[in-house]
Ligand SMILES: Cc1ncc(COP(=O)(O)O)c(C=O)c1O
C-alpha cells in the first residue's frame, strides 16, 4: 500500500540496475524518476526493493485493463502454447482475421473498412501517411502545433510537440504544414484565436490563401485530445468546422487515437464525442494491454494499394492479437463505462484543487484522460514546469506514479479499472505534493525535465 511515509528510492537493488542501465542504454530515453519495476498487478506496481506504488500512468496510457489482468495473461499463454509467430504479412491465422473484423466493427467510420496492423503508434501513423499519399496522389499534409504522432521520419515530420524531438534530424519528410490547435485555456501564439472555428478559418483564409495550395493536400492529421502536447481538449465547434473545411477541399481526415482511443475517454474512440466521422483512424497504446501492437483502420474505398505496397514482419503478431481481442472484450464489458464514471469523479476532485491552490490552473479531459496544468498563478496562467516536475517527483517518493506532458501539465491516465477508492488513496499524496510545491521558495528557474 502506498503511504504518506517517504520512500528511500532507489533502493540497493534498484541502484544496481540503474548503474547497468546508465552504462548501456541509449541516452535518448526520457525517464522521469528512478522507478525500477519488479512486478505489477491491477493498479499496483512493486519495485525491485519491495516498494509498492499506486499507478496513475498505466505505463503511459497502455495497460488499459490493469497490469497483468489474469484474463489477458491467460489469452497470451494460450496463444503462446499454440504458436508465437507466423508472419501475418505472408500467411493467414485466425487471431489476426478475428481482430481485424472486431476493429472494423468498433472503429467509428461508416461503411466497410480495412485494417493494417503495426507494432507501435508511430508505425500506424506511417501507414496512414503512405495510404493517404497513395490514394490522393497529393504530396502535402496538414498537422497541428503541439501535436505528437511518433518518432519515425514520417510521423516525426507530422509532430510539432517539442523541438528536441526534431532537432538534428532534418531534412524531414517535406511539405508538412503545422497549423494552430485550438486551446481554450491558452490561445495559440498568444492570439485571440480561442474558438475552434477561428483556428479553422485561419487555415483556410491564411495558410491556404498565402502558402499551401489545398488541392495538393492529401490529409490532415489530428489528435482528438492532444496527448503529449498537454492533454488539451479543443472546443466543440472545432470539429464540425474542421470537417466541413476538409471536405470542401477533398482532404482526408486522419485521427490519431493512439493515446485517446480504446475506451480511455469513456467512449471507444475520443472522436465519438465530437459527432465527426474520420476517414482513417490510428490506434495503438490501449489496444492490447501492453503487448506491442498498433493498427491503421481506413475506409475500404481508400485501400486501393496493391500487394507489396506496405507490409511488415511482426504487425498483427498472434499473441498481440489474442491480447487485443481479450482487451477489447473487457473494455466493452464495463471498463469503458468505468472510465467515464471514475474519470468524472477524478476530474471533480481535481477541480477542487484548482479552487484550493493558486498553482493549479486548468483541469480538463474526458474519461480517464485528464490533464492538470501547473501555473505560476491563476491570474497570469504562466506555465510553471519546475513546480510540475517537483510535484511529479514528490508523488513518486510517496508511492504515487504520475507523469507530466506538455510544458507544465500533469497527466492522469490510469488503467481503466481504476476505482474511486484508488482516486481517494492517490489524492492526499498529490495534495501534499502540490502544497509543498506551492510553499517552496523557487530560486533561478532550472531547465524543466519535461518528458518526451
Ligand atoms: C497521439 C500519439 N501518437 C503517436 C504516438 C507514438 O506511438 P509509439 O510511441 O507507440 O510509436 C504517441 C505516443 O506517445 C501518441 O501519444
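No lab work stands behind these numbers, since they all come straight from the coordinates. Note that this is a predicted model, so its numbers are computed, not measured.
Just check the stretch 96-140 against the gyration tensor rule for me: Cα atoms, a ≥ b ≥ c as the square roots of the eigenvalues, rounded for a/c under 1.5, and otherwise prolate or oblate depending on whether a/b exceeds b/c.
Oblate shape, in that a/c is at least 1.5 and b/c is the bigger or equal ratio.
Express the relative contact order of the chain as a whole percentage, based on alpha carbon pairs under 8 Å and six or more residues apart in sequence.
Reported as a whole number, the value is 22 percent.
Expressed as a whole number of Å, what is the distance separating the alpha-carbon centroids of the stretch 368-434 and the stretch 207-247?
29
Where does the stretch 1-79 land on Rg(C-alpha)/(2.2 N^0.38 Å)?
Taking N as the residue count of the stretch 1-79, the ratio is 1.24.
Need one word for the stretch 309-452: rounded, prolate or oblate. Basis is the Cα gyration tensor (sqrt eigenvalues a ≥ b ≥ c); a/c below 1.5 gives rounded, then a/b vs b/c decides.
Prolate, since a/c reaches 1.5 and a/b exceeds b/c.
Can you give the helix-only mean residue ellipticity at 222 nm for the chain, where every DSSP H stretch with n ≥ 4 adds -39500 (n - 2.57) and the sum goes over all residues, rounded to the nearest 500 deg cm²/dmol?
-10500 deg cm²/dmol
Determine the relative contact order of the stretch 112-267: mean sequence separation of Cα pairs under 8 Å and six or more apart, normalised by residue count, in whole percent.
Once divided by the residue count of the stretch 112-267, the mean separation gives 24 percent.
Kirkwood Rh and Cα-based Rg: tell me the resulting Rg over Rh for the stretch 132-278, rounded to two decimals.
0.93
What relative contact order, as a whole-number percentage, does the stretch 302-452 give when Cα pairs under 8 Å and 6 or more residues apart are counted?
21
Any chance you could get the radius of gyration and Dmax over the Cα atoms of the stretch 70-330, in Å?
Over the stretch 70-330's Cα set, Rg and Dmax evaluate to 18.3, 59 Å.
Compute the separation of the alpha-carbon centres of the stretch 309-362 and the stretch 263-291 and state it in Å as a whole number.
Between the Cα centre of the stretch 309-362 and that of the stretch 263-291, the gap is 9 Å.
Can you tell me the convex hull volume per residue for the stretch 218-333, based on C-alpha atoms, in Å³ to the nearest whole number?
Considering the Cα atoms of the stretch 218-333, their hull volume per residue is 125 Å³.
Would you mind giving the three semi-axes, in whole Å and largest first, of the ellipsoid equivalent to the stretch 267-384 according to its Cα gyration tensor?
37, 18, 14
Along its principal axes, what span do the Cα atoms of the stretch 1-147 show, with the longest given first and each in whole Å?
57, 42, 31
Once you have a ≥ b ≥ c as the square roots of the Cα gyration tensor eigenvalues for the stretch 165-248, tell me rounded if a/c is under 1.5, and otherwise prolate or oblate according to whether a/b is larger than b/c.
oblate
What are the semi-axes of the equivalent ellipsoid for the chain, taken as the square roots of 5 times the Cα gyration tensor eigenvalues, largest first, in whole Å?
Output for the chain: semi-axes of 33, 29, 20 Å.
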